[in-house]
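These notes are about the structure you will find just below.
Bear in mind that the values in this text are calculations on the coordinates, not laboratory data. Keep in mind the model is a prediction, meaning the values are calculated, not measured. Methodologically, a virtual Cβ is constructed for each residue, glycine included, from the backbone with ideal geometry; neighbour enumeration extends over all protein chains shown.
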Amino acid sequence: MIRTLPGYLIRMRVAADDPALVGVENRASELFRDHGLPDVVDASIPDVAVLRAMMAGQKVWVATDKAGHPAGFAVAGAIDGYLHLRELSVDPAHGRKGVGTALVETVVAEARAGNFAGTSLTTFRDVPFNAPFYARLGFAVLPLDAAPAALKAQFSSEMPPGIDPESRVLMLRQ
């Protein structure tokens with residue numbers, strides 16, 4: 001599936017993208033430093049092997065600029081009837097241009113086409129480009145006590161080291 005937005009193209013990942021995706025991820029993670037989360041920055045992806053391990057068994061969409069260089073990517077996979085958005089990263093040089101929104105909408109469209117119950121994700125509650133961003137795209141907080149067991153387990157597995165669980169939320173778009 002190939003989708004477009006002005007100045008960008010969204011397509012499925014190819015292995016040749018991976019070195020550039022490591023750079024996108026690490027530049028995007030630097031934004032957390034300004035929000036008091038240096039541990040998130042320090043836990044960024046060190047190399048292609050770690051990136052590939054994170055993407056194993058998942059679908060990966062890449063947004064490329066006019067020159068064909070990766071500007072962002074989304075990683076998602078099935079969890080208990082939901083298509084779970086495991087990672088969304090946009091290079092800050094391409095931020096605020098609709099790339100993140102287009103990638104999220106691509107994942108949501110995939111969930112609908114695949115007859116999933118919805119799209120799920122875990123994210124930081126108060127970081128502006130996290131839960132508030134997803135809420136603007138129609139995601140709502142799903143209390144952990146109301147979540148299926150598999151999504152609760154995913155929430156726990158995606159908890160960054162040293163982070164207060166109360167600072168994170170599970171969100172769902174049906």
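How would H94, H35, H84 line up from fewest to most surrounding beta-carbon atoms within 10 angstrom?
On the way: H94 22, H35 14, H84 25.
Fewest-to-most Cβ neighbours within 10 Å comes out as H35, H94, H84.
Efficiency by 1/(1 + (r/R0)^6): what FRET value for Q174 and K66, r their Cβ-Cβ distance, R0 = 45 Å, to the nearest 0.05?
On the way: r = 35 Å, r/R0 = 0.77.
Plugging the Cβ-Cβ distance into 1/(1 + (r/R0)^6) gives 0.85.
Which part of the range 10-51 falls in the paramagnetic zone of D126, meaning amide N under 11 Å from the point 7 Å along Cα-to-beta-carbon?
36
Per DSSP helix of 4 or more residues, -39500 (n - 2.57); summed, then divided by the residues of the chain. What does that give at 222 nm, rounded to the nearest 500?
Details: 6 runs with 55 residues, N = 174.
Result for the chain, helices only: -9000 deg cm²/dmol.
Would you list which lysines come within 23 Å of K152, measuring only between C-alpha atoms, while excluding same-chain residues fewer than 8 positions from it?
In chain and number order, the partners are K59.
Work out, step by step, the length gained on full extension between E30 and D47: first 0.36 nm times the residue separation, then minus their alpha carbon distance; give nm to one decimal. Write out the running numbers ahead of the final one.
Numbers: separation 17, 0.36 × 17 = 6.12 nm, distance 1.59 nm.
Between E30 and D47, full extension yields 4.5 nm more.
So, in nm, how far is label L9 from label A135 when the simple model puts each one 7 Å beyond its Cα toward the Cβ?
3.7
First select every other residue whose beta carbon is under 14 angstrom from the beta carbon of L83; then total the charges, Lys and Arg +1, Asp and Glu -1.
Working: positive: K59, R86, R112, R173; negative: D80, E87, E105, E110.
Counting the neighbours of L83, the net charge comes to 0.
By DSSP, what percent of the beta bridges with both residues in the chain are antiparallel, rounded to the nearest 5? Don't skip to the answer; put the middle values down first.
Working: 30 of 34 bridges.
Given both bridge residues lie in the chain, the antiparallel proportion sits at roughly 90 percent.
Where does the range 3-173 land on Rg/Rh, using Cα atoms and the Kirkwood Rh?
On the way: Rg = 15.0 Å, Rh = 16.2 Å.
So for the range 3-173, dividing Rg by the Kirkwood Rh gives 0.93.
Using 0.36 nm times the number of residues separating A109 and E166, minus their current alpha carbon distance, what extension gain do you get? All intermediate terms of the calculation are to be shown ahead of the outcome.
Values: separation 57, 0.36 × 57 = 20.52 nm, distance 2.97 nm.
So the chain would gain 17.6 nm between A109 and E166.
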